[in-house]
Amino acid sequence: MLLKLTEILKREIITLSEVKKILESISPDEMDQIQRWTYDYSKKFSKTDYDEAKVKVDSLIGEGDLTVEEAVELVNVMPKSLEELRAFTFGWKKLIVTERLERIKSILLSNKDDDNKKIENEKDESVIES
């Protein structure tokens with residue numbers, strides 16, 4: 001039995017979308033059983049694509065009062081209501097005001113298409129003003 005040892009270069013908390021992207025770079029024939037299970041899980045349960053997940057995590061951290069771990073947890077689950085968000089904040093033992101929860105919810109529910117439309121509209125408006 002050949003035992004493959006790897007050196008841990010760094011530890012980082014990542015979203016399921018990031019896990020999926022990393023494992024997609026490995027040929028299924030080269031994956032061990034745990035990697036295959038993890039890849040299958042990430043395909044089934046990731047809620048966004050890699051780029052969108054990164055943007056959402058960064059935006060949630062930028063909102064303040066959220067750690068990387070908390071932001072990643074929210075992006076992985078993508079709660080859609082204030083009640084669902086409050087379930088997380090209770091678990092974190094944090095009291096977050098409704099206004100901030102609304103902002104967090106809007107970040108989670110926004111998607112790249114909406115962001116791209118906003119950018120296009122801003123460009124159109126600036127052309128009209130010129």
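Both radii come from the Cα set of the range 1-65: Rg as radius of gyration, Rh as Kirkwood radius; their ratio Rg/Rh reads 1.06.
Amide H to amide H distances under 5 Å link I96 with no residue, where only residues 5 or more positions off or on other chains count and H is placed in the peptide plane.
For a footprinting-style exposure proxy, rank Y41, Y50 by other Cβ within 10 Å, fewest first. Intermediate results must be reported in sequence, preceding the final value.
Numbers: Y41 14, Y50 18.
Placing the least packed residue first, the sequence is Y41, Y50.
Count charges around L101 for me, please; just the other residues with Cβ under 13 Å from its Cβ, Lys/Arg as +1, Asp/Glu as -1. Net local charge, L101 excluded: -1.
Among the trypsin sites (Lys or Arg not before Pro) in the range 1-60, those placed in a DSSP loop whose Cβ has at most 12 other Cβ atoms within 10 Å are K4, K10, R11.
Every read-out reported here was derived from the displayed coordinates using simple, explicitly stated rules and does not represent laboratory data. Given the structure is predicted, the values throughout are model-derived calculations rather than measurements. Counting neighbours? That spans all protein chains shown, and the Cβs are built from the backbone with ideal geometry, glycine included.
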